[in-house]
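Trainee: First the structure, then my questions, so here it is.
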Amino acid sequence: MKIQIINGPNLNLLGKREPEIYGSETFEDFFEHLQKRFPQVELHYFQSNVEGELISKIHEVGFDYDAILLNAGGYTHTSVAISDAISGVTTPVLEVHISNIYKREEFRHKSIISKSCVGMISGLGLKGYELGVMYFLNSPDL
């Protein structure tokens, strides 16, 4: 199984940015944990602060990979283009958020990309990515 993790803007600052919300672990360190936890899965990681680069990555892997875990960051609430990219590919996409978007500012309560995703995990910290991998490993459709 091949799973692509895609993180959007400002997630390169994990471990430094607002640790009371996002924790103190970098995503690179957490990614190593995921690789050890799921040695049977070919995991790939990509992060960009640029909307077009996220769309290009979705296009690149969206027909060949088994699954995508996507944390679109702030683009979750604004990007019709990312939603369209998800709808345009055949690989299932699971939306992931480290924080509980419904406990934050009201503008974060609306996800534009959710309608194009198979589901959403929100508010469980980095554990949400691990649960996303488990979801896809146990999905009878894959």
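Any read-out appearing in this document is the output of simple, stated calculations on the displayed coordinates, not a laboratory observation. Note that this is a predicted model, so its numbers are computed, not measured. Note that we place each Cβ from the backbone using ideal geometry, even for glycine, and neighbour counts take in every protein chain shown.
Trainee: In the neighborhood of GLY15, defined by Cβ-to-Cβ distances under 15 Å, what is the net charge if each Lys or Arg adds +1 and each Asp or Glu adds -1? Intermediate values should be presented prior to the final figure.
Mentor: Working: positive: LYS16, ARG17; negative: GLU18, GLU20, GLU25, GLU28, ASP29, GLU32.
Combined, the nearby Lys, Arg, Asp and Glu give -4.
Trainee: Whole number please: convex hull volume per residue, Cα atoms of region 11-120, in Å³.
Mentor: Hull volume normalised by residue count: 104 Å³.
Trainee: Within the chain, what's the longest run with no GluC sites (Glu not before Pro) in a DSSP loop and at most 15 other beta-carbon atoms within 10 Å? Give the range, please.
Mentor: 26-104
Trainee: Given +1 on the Cβ of Lys and Arg, -1 on the Cβ of Asp and Glu, and no further charges, what dipole in debye does region 1-130 carry about its Cα centre, rounded to the nearest 20?
Mentor: 320
Trainee: Related question: Report the net charge of residues surrounding MET1, where surrounding means a beta-carbon distance below 10 angstrom and charges are Lys +1, Arg +1, Asp -1, Glu -1.
Mentor: Neighbour charge sum, excluding MET1 itself: -1.
Trainee: Let me ask something else about it. Would you be so kind as to identify which of ASN49, TYR22, LEU34 lies farthest towards the positive end of the dipole of the chain, taking Lys and Arg as +1 and Asp and Glu as -1 on Cβ and the Cα centre as origin?
Mentor: Going by the Cα projections, it comes out as TYR22.
Trainee: Okay, moving on. Using the alpha-carbon centroid of each, what span in Å lies between region 50-102 and region 5-40?
Mentor: The two parts, judged by their Cα centres, are 17 Å apart.
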